[in-house]
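J.: One structure follows; several queries about it will come next.
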2 protein chains.
Amino acid sequence: MDASVDAQLQSDGVAFTAADAELLRAIRDAGSVAGASEALGRSRARALDRIETLEEAYGPLVERRRGGATGGGSDLTETAASLLSRLARLQATLAGTASVEECVIPGRVTERDGELGVVATDAGDLRARLVARDGGDVPEVDSPVQVSVRSDAVTLHAPTDAPAAGGTSARNRFEGTVVGVDAGETIVCATIDIRTPDSLSALLTHESLDRLDLRPGSRVVASFKATATRAIAAD
Amino acid sequence: MDASVDAQLQSDGVAFTAADAELLRAIRDAGSVAGASEALGRSRARALDRIETLEEAYGPLVERRRGGATGGGSDLTETAASLLSRLARLQATLAGTASVEECVIPGRVTERDGELGVVATDAGDLRARLVARDGGDVPEVDSPVQVSVRSDAVTLHAPTDAPAAGGTSARNRFEGTVVGVDAGETIVCATIDIRTPDSLSALLTHESLDRLDLRPGSRVVASFKATATRAIAAD
DNA sequence: TACCGATGTATCCATGTCGAAACAGCGACG
DNA sequence: CGTCGCTGTTTCGACATGGATACATCGGTA
């Protein structure tokens, strides 16, 4: 089982989806709506309908010319190009977020200050961002929560070289023991036991791995920003 | 125009969507499929169909009992509960990611080492994670890219107190000038000009804001991990 | 001026989705 | 043993989606 995402842009209640992006790219490549719809195996009439719907919400996207030696043709506008690249960025970001390891830490809210709160966990106190669960409320003081920490938000330090607690931004600091090192091509995922049910994982480069000299059993300090966490109400 | 996400879990080609979660929650609350479908205004036959489809992919989700004084009833299994909370976490994470400010920095790849690369930008060299664009390839050396940096990944430091360049993980460091401070209830979004077309933004707490004494015109050092960035091919 | 291949526009139909409705089966309880 | 309210199953039809098709229109070019 794995996570997947459907990213889309919204304007005036009309969604610009991956399928729309595919259509626009095909038009750009084919130079015509007719060629694009044939390439995609979709009907031309529907493609034109869809373009019209999109243009009502997003402004001119396809410059359509009729007549001429070649019968006419279509090109994308600047707006369309920027929509395409914006959606591509969103997809890249979200796909990355969805596929990255996350660590779930159960705990209980002990303090709350607006969107931020302090959560008591097995590893100690944690500052986290409190967010409403879909169809629910923002967690209150004393309510049980699950804090999720994405591995790309976690930074590792040597215990001797750990930053001052109150040094920069609001960071959570946890000392722990490396339990696993999963080396990719250039990016390494290290898992660290910080005495929570789930281990914390951190993404780092091979370079950092070598400098920190990490191996199972090593002691490290893991830190992450409160604003990169999400605490939602547990059932 | 804004971004929206449709998070879902996948297993055996069957997606567990927000609508499915709504159905399961309604069953949990009503104690029966009949009550749940009425509460949601959906037909009972379809709800049962959907449950069957989901169970083929995810295992038992709803314990259905027939007969008895009350005619029977349905309860969620542990599997269903864990699916619900997993989807809720995913939604919270992705919704946060989609809505957070991102800074787009155009540049050109100058080095590539697997998933990581060095990108030359207006602000200087940047280490970023190279990812394939939807329906495209991973950027090569010399190709133009757009690097996106989410504001929750950015940490700010006082110029005098900036961390050593090679200190911990592979971090990008940029000195810049604060151009805006957008204070929320407890979380502040600071925008920093680092001589790129888009300004970089960073999320920090009020506390950090005060300690760093940030205001428009202040000099700061912004840093972020390479593994938290995404560089995709520009058109 | 005829041709060509595109854009416009309309209608028809296959398909899939989903609610409505009806009915059988079940089983604890009074 | 009958009642009750759920589960289980089927059939029907409304509705939206989207392909297939046909035909008019446009406007450079030969």
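Every number here is computed from the coordinates shown, using simple stated rules; none is lab data. Remember, predicted model here, so these are calculated numbers, not experimental data. No Cβ is skipped: glycine too gets one built from the backbone with ideal geometry, and neighbour counts run over all protein chains shown.
J.: Find the centroid of the Cα atoms in the stretch B:1-30 and in the stretch A:177-235, then give the distance between the two in whole Å.
T.: Between the Cα centres of the stretch B:1-30 and the stretch A:177-235 lies a distance of 29 Å.
J.: In whole Hz and in residue order, list the ³J(HN,Hα) couplings for the stretch B:109-116 that follow from phi through the Karplus curve 6.51 cos²θ - 1.76 cosθ + 1.60, θ = phi - 60°; x for Gly and Pro.
T.: Calculated HN-Hα couplings, in order: 5, 10, 8, 9, 9, x, 7, 10 Hz.
J.: Another question about this same structure. Might you report the magnitude of the Cβ-based charge dipole of chain B about its Cα centre, with Lys and Arg at +1 and Asp and Glu at -1, to the nearest 20 debye? Walk me through the numbers before you get to the answer.
T.: Values: 25 positive and 36 negative charges, 93 e Å.
Once rounded to the nearest 20, the dipole reads 440 debye.
J.: Any idea what angle helix A:18-30 forms with the longest principal axis of chain A, computed on alpha-carbon atoms, 0 to 90 degrees, nearest 10?
T.: Once rounded, one gets 50 degrees.
J.: When the dipole is taken about the Cα centre of the stretch B:102-233, and only Lys, Arg (+1) and Asp, Glu (-1) are charged at their Cβ, what size is it in debye, to the nearest 20? It would help to have the intermediate numbers written out before the result.
T.: Details: 14 positive and 20 negative charges, 39 e Å.
The dipole of the stretch B:102-233 has a size of about 180 debye.
J.: Counting partner chain Cβ atoms within 10 Å of every residue's Cβ in B:67-76, what's the average? Provide the component values of the computation, followed by the final result.
T.: Numbers: counts 0, 0, 0, 0, 0, 0, 0, 0, 0, 0.
That works out to 0 on average.
J.: Taking R0 as 35 Å, what's the FRET efficiency between A:T110 and A:R211 from their Cβ-Cβ distance, rounded to 0.05?
T.: Details: r = 36 Å, r/R0 = 1.03.
Computed FRET efficiency for A:T110 and A:R211: 0.45.
J.: Also, I was wondering about something else. Debye calculation, C-alpha points only, no solvent: report log10 I(q)/I(0) for the stretch B:26-120 at q = 0.11, 0.12, 0.23 Å⁻¹, in the same order as the q values.
T.: With no solvent term, the Cα-only Debye profile gives -0.54, -0.58, -1.21.
J.: With N set to the number of residues, divide the alpha-carbon radius of gyration of the stretch A:102-233 by 2.2 N^0.38 Å and report two decimals.
T.: Working: Rg = 14.9 Å, N = 132, 2.2 N^0.38 = 14.1 Å.
Ratio of Rg to 2.2 N^0.38 Å for the stretch A:102-233: 1.06.
J.: What full-extension length gain, to one decimal in nm, is calculated for B:D12 and B:E63 as 0.36 nm per residue of separation minus the Cα-Cα distance?
T.: Numbers: separation 51, 0.36 × 51 = 18.36 nm, distance 2.13 nm.
Between B:D12 and B:E63, full extension yields an extra 16.2 nm.
J.: Working from Cα positions, state the angle (0 to 90°, nearest 10) between the long axis of helix B:78-99 and the longest principal axis of chain B.
T.: Tilt of helix B:78-99: around 30 degrees.
J.: How large is the Rg to Rh ratio of the protein assembly as shown when both quantities use alpha carbon positions and Rh follows Kirkwood? Let's see the in-between values first.
T.: Numbers: Rg = 24.3 Å, Rh = 24.2 Å.
Over the Cα atoms of the protein assembly as shown, Rg/Rh equals 1.00.
J.: In percent, how large is the relative contact order of chain B, given Cα pairs closer than 8 Å and 6 or more residues apart?
T.: Working: 440 pairs, mean separation 41.7, N = 235.
Relative contact order, chain B: 18 percent.
J.: Now for a different question. Need one value for B:223-233: mean number of C-beta atoms belonging to other chains within 10 Å of its residues' C-beta atoms. Mind showing how you got there, number by number?
T.: Numbers: counts 3, 0, 9, 8, 15, 10, 3, 9, 2, 6, 3.
Rounded to a whole number, the mean comes out at 6.
J.: Calculate the length of the line joining the C-alpha centroid of the stretch A:106-166 to that of the stretch B:45-96, in whole Å.
T.: Each part's Cα centre sits 29 Å from the other's.
J.: Put a dot 7 Å past each Cα toward the Cβ at B:A183 and B:L48; how far apart are the dots in nm?
T.: Distance between label points: 6.0 nm.
J.: Can you give the mean number of other chain Cβ atoms that lie within 10 Å of the Cβ atoms in peptide B:36-46? Please report the intermediate quantities before stating the final value.
T.: Values: counts 0, 0, 0, 0, 0, 0, 0, 0, 0, 0, 0.
Averaged over the peptide's residues, the number is 0.
J.: Near the amide H of A:T110, under 5 Å away, which other amide H atoms are found, from residues 5 or more places off or on another chain, if H is placed in the peptide plane?
T.: Those qualifying (amide H under 5 Å, at least 5 residues apart or on another chain) are A:V118, A:V119, A:A120, A:D142.
J.: Still on this structure, please answer the following. Specify, per residue and in Å³, the volume enclosed by the convex hull of the alpha carbon atoms belonging to chain A.
T.: So the per-residue hull volume is 183 Å³.
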